[in-house]
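Report on the structure given below.
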Amino acid sequence: MSQVNLSEELFKPRFKHPETSTLIRRARHHSAPNIQSALDGKTVPHWYRMVNRLMWIWRGVDPREILDVQARIACCKEERTNDELFDTVVGYRGGNWIYEWSKQAMMWQQKANQESDPTKVGKHWLQAANLYSIAAYPHLKGDALAEQAQVLANRAFEEAAPRLSGDLRELEFSISGGGSITGFLHMPKGAEGPLPTVLMCGGLDALQSDYYSLFENYLAPQGIAMLTIDMPSVGYSSKWKLTQDSSHLHQHVLKALPNIPWVDHNRVAAFGFRFGANVAVRLAYLEAPRLKAVACLGPVVHSLLSDPERQAQVPEMYIDVLASRLGMFDATDAALSVELNRYSLKTQGLLGRRCPTPMLSGFWANDPFSPEEESRLITSSSADGKLLSIPFNPVYKNFDNGLREITGWIKQRLR
């Protein structure tokens, strides 16, 4: 079945799907805080989702496309679950967030099928993968249309990656208790293994394919491979709920690396974005012999998880993502706050103890999700810590500079 036909089949209207913003049944705050964050984007009046322009553009989406799709959603006159929020159109039809971003992705699929140049075909498929991922964003559990968009994102990515700047290996990892997860191993084009490798620990509102730019623009030029798996309850890892043992899946992957011929299991580092840093730092403590280094960017390891006041200052969508990952669809904010505190690595008795693994942590001043103290706590706990302050403006240039500095630091530790 062709990709276009598969798209039509998956999204064929069958019943009135629940709209994304209604999946987590929490009492809503009356006013949304005004947030601007390098890694999470910003709150925009009349939108449920945070609009994450920096990361979407970093992945390769044209800013004009973002505005074009937003305009189609905002101008829609169809029924919404909340008349005040543009991106709450009910049903898979024009104006619905998942519909409009998927429609944009299908356009790039068609371009890929009409193109003969393999590199351009790869880039078109990558665009489709990126747009399907945005369609599924923020990847809430039980969002049937979003889960279908995730399937298409993964299939498009599998078409894209082998045609681009590296070789892609799709790997299966067995998990104790039954079942397996799928990971992607990205290797620089023409490189012969075994290779130094970065295990990517992504955010809770992203797919593993969203980090291809990190490999293509930063790791591959340094001869470093990148291994990705989805976070618990997302994508290929959707079968597993996020638990206090947040690094459970990644630990299984680390232990399997000696059996992967393309990976030099003696030269492995972990890199965590946002809540992925919770996984990466946990690995630094629990799997120190298997890791040469851990790098974090905007880590969520203690403050946001343990402070109800800070939780009240982040957007509803982000709290919904946390509730979704924990399987707490009907919980009060108070109950959710009690549960989140158990995910703090300080509460768990890890952070604050001396850790032999070298750890770097990058932060932005006044980051609502990850204050400077969070990164200081990580780096001061490491026997070889490095604190990296990233200026906010100009946001894209400083984000790029920060990633280049982190890549250089990782490369030194993987020698």
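The values are calculated or read from the model by the stated rules, or taken from the named source; none is laboratory data. A quick note: this is a predicted structure, and the numbers were derived from the prediction, not measured. Cβ: placed from backbone, ideal geometry, glycine included. Neighbour counts: every protein chain shown. Keep in mind that these areas ignore ligands, DNA and RNA; they rest on the heavy atoms of the full protein, side chains included. Shrake-Rupley method; radii C 1.70, N 1.55, O 1.52, S 1.80 Å.
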Condition first: surrounded by 16 or more Cβ atoms within 10 Å (Cβ to Cβ) and either small (Gly, Ala, Ser) or under 24 Å from Thr407 (Cα atoms) (or both). Now tell me which residues in the range 173-192 satisfy that.
Gly183, Phe184, Leu185, His186, Met187, Pro188
In the range 72-89, what residues are open to solvent by less than 40 Å² (accessible area, probe 1.4 Å) and under 14 Å from Lys103 (Cβ atoms)?
Ile73, Cys76, Val89
Filter the range 337-359 down to the residues that are open to solvent by less than 50 Å² (accessible area, probe 1.4 Å) and farther than 24 Å from Thr407 by Cβ and list them by number.
Ser337, Glu339, Leu340, Tyr343, Ser344, Leu345, Gly349, Leu350, Leu351
If you go through the range 136-172, how many residues are more than 20 Å from Pro18 (Cα to Cα), among the hydrophobic types (A, V, I, L, M, F, W, C) and surrounded by fewer than 23 Cβ atoms within 10 Å (Cβ to Cβ)?
3
Can you find even one residue in the range 55-71 that is farther than 24 Å from Ala156 by Cα and surrounded by fewer than 21 Cβ atoms within 10 Å (Cβ to Cβ)?
yes
Quick test for you: out of Ile224, Ile229, pick the one residue that is of a type in the set (A, V, I, L, M) and farther than 21 Å from Tyr137 by Cβ.
Ile224
Considering only residues that are open to solvent by less than 10 Å² (accessible area, probe 1.4 Å) and more than 15 Å from the chain's Cα centre (by Cα), which ones fall in the range 195-217?
Thr197, Val198
Just to be sure before I move on: is Arg93 surrounded by fewer than 18 Cβ atoms within 10 Å (Cβ to Cβ) and outside any strand (DSSP E or B) in the structure I sent?
yes
Pro261: passes all of (1) within 22 Å of Leu304 (Cα to Cα); (2) part of a loop (DSSP other than H, G, I, E, B) but (1)
Return the total of residues in the range 222-256 being more than 22 Å from the chain's Cα centre (by Cα) and farther than 16 Å from Leu286 by Cα.
2
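A quick yes/no check of all residues on (1) touching a His at 6+ places or on another chain (Cβ under 9 Å); (2) open to solvent by less than 20 Å² (accessible area, probe 1.4 Å); (3) more than 30 Å from Trp47 (Cα to Cα); (4) not small (Gly, Ala, Ser):
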| residue | (1), (2), (3), (4) |
| --- | --- |
| Asp307 | no, no, no, yes |
| Gln313 | no, no, no, yes |
| Glu316 | yes, no, no, yes |
| Phe329 | no, no, no, yes |
| Ala335 | no, no, no, no |
| Ser361 | no, yes, yes, no |
| Asn366 | no, no, no, yes |
| Arg404 | no, no, yes, yes |
Just to check your reading of the model, which residue among Ala256, Ala269 is within 30 Å of Gly41 (Cβ to Cβ) and in contact (Cβ under 8 Å) with a residue 24 or more places away in the chain?
Ala269
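So, Lys346, is that one touching a Gly at 6+ places or on another chain (Cβ under 7 Å), farther than 30 Å from Pro45 by Cβ and touching a residue at least 24 places away in the same chain (Cβ under 8 Å) or not?
yes
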Subset of the range 96-118, residues touching a residue at least 40 places away in the same chain (Cβ under 8 Å), open to solvent by 60 Å² or more (accessible area, probe 1.4 Å) and either out of contact with any Lys or Arg (no Cβ under 8 Å at 6 or more places or on another chain) or acidic (Asp, Glu) (or both), comes to Gln110, Asn113
